[in-house]
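The structure appears right after this line, and notes come after that.
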Amino acid sequence: MTDVTVAEGAIARRRLGTLVDGGPAWLGDRRTAAWDAFTALPLPSSSRDEDWRRTDISKLRLGDFAPAGPAAEALVAAARARHARALPQAALVLCGPDGAVSVDHADSLLAQGVIVCPLQEAALRHPEVVRRGLSAVGVDGAYFAALWNALWAGGAFVYVPRGVEAMTPVWVSHLAPEAGAVSFPSTVVVVDERASLTLVEDRVGPGDAAPRLSVGVTALRVADQSRVDDIPVQQLPPGTWHFATRRAALAAGSRYRLLGATLGAGLEKAYWDVLLEGAGAEADVLAVCHARGRQHLDLQSLQLHRARDTRSNLLYKVAARDLARSVYSGLIDVERDAVHADGYVLNRNLLLSRGAVASGVPRLEIKANDVRCGHGNSVGHVDDEERFYLMARGVPAEEAERLIVTGFFADVIDRVSQESLREWLTALLAVEIAGAPAAEPEAATEDAAEPGGRGS
């Protein structure tokens, strides 16, 4: 059974009752089933659960986190500034930690029949489409996914009708809660046949190191012959416990491309799942991660091939410094009917300090004949000759390292098609890379799994 402290604070049955009473019957039933599943499950354990073997959350106390209040005006302004700098033409969905949602700059999309609105509103007005969007996210399979299913509020919903190429991207900004509070960031996207969409999801908060809890789900349903570019950016505060599931279900002939950046949180456990359910579906998952201070960032990916002639490719590049720890586990799972499946996963890690740790475990499970699948993993340090070459030409040591790490990430960032967005991501990475380093340690510490301040 889950810890009794969940009866207190924001993780409480009384919060569930409020959400059930305020929504449609089908969603209330789903929330109740999810709560029952959550309360029957123990907190994930690094000694018991294979998924969590390298990530210890035994010090997490859910009952310590209060309900989130409205986002601070300064944080709202910062989120709007990020949108204005990176992709000002995009529709903006601003999701507060308390469930408040605003939608701006969406007129051109609405004229095309694209629906951009709060998820809670969509559950009332467009129940069948929302249920379709949520259909790949079970309520009883995993601890934090069950908790999210029970208690999410607000959220963003995007629906692109059949045959529509969305004229502008949709930018969803999820704001972190105040210190000592919990939020449930939520995004559901449904793209119908022969349609297309570019989605940017920005998770951001203030720079202090106070404890926070974030439990989020992003669900994407991509129909036949459709295309989605999905760009998640995670830059949550350094004291944040962040647990997230991102799942894209792809129908026949669809094309899905994820271009992600993970920069924030103190401890993150994220699942990125791509379900290739229709013949000829294709997915490219390309992401960068920069970890510093005492961050512990754990990504687990799944490329599930369920149909014939499907293709998936994953490239995950990590740079870690100070006492940071990166954990990666990637699975390509090819089911019996997925003949001619083509899948590859590659994890490359660059260590910038003696105390940084990075590990990767790519795996294959092949149940079909006539497939082509492979995997790779590498861990290395900054090339001293490359650093010396730059310094010998007058480049300061810190700038030399920034150039090397920027070059390491370039083959992912350069694939972002919008120039202003690409420049913004490059600037975010430059700030992270230039951050004040911790003192060089004798060895990595076991405390790295606790959320803590960067450079601490």
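A few notes on this one:
- Mean Cα-pair separation over length for the chain, i.e. relative contact order, pairs under 8 Å, 6 or more apart, %: 11 percent
- Electrostatic bookkeeping for Phe184 treats Lys and Arg as +1 and Asp and Glu as -1; over the other residues with beta carbon under 15 Å from its beta carbon, the sum is +3.
- Estimated D of region 1-154 in µm² per second, where Rh is the Kirkwood radius over Cα pairs and Stokes-Einstein applies at 20 °C, 1.002 mPa s: 121 µm²/s
- DSSP bridge analysis restricted to the chain gives an antiparallel fraction near 5%, rounded to the nearest 5.
- Measure of compaction for region 258-361 (Cα Rg per 2.2 N^0.38 Å): 1.17
- The distance linking region 255-286 with region 331-348 is 14 Å (Cα centroid to Cα centroid, whole angstrom).
- From least to most packed, judged by other beta carbons within 10 angstrom and beginning with the fewest, Ser226, Ser102 follow the order Ser102, Ser226.
- Think of it as helices only: each DSSP H run of n ≥ 4 in the chain is worth -39500 (n - 2.57), and spread over all residues that comes to -7000 deg cm²/dmol at 222 nm.
- The fewest-to-most ranking of Lys317, Lys59 by surrounding Cβ atoms within 10 Å reads Lys59, Lys317.
Rule-based calculations on the coordinates, nothing more; no lab input. Fair warning: this is a prediction, and the values are worked out from it, not measured in the lab. Cβ: placed from backbone, ideal geometry, glycine included. Neighbour counts: every protein chain shown.
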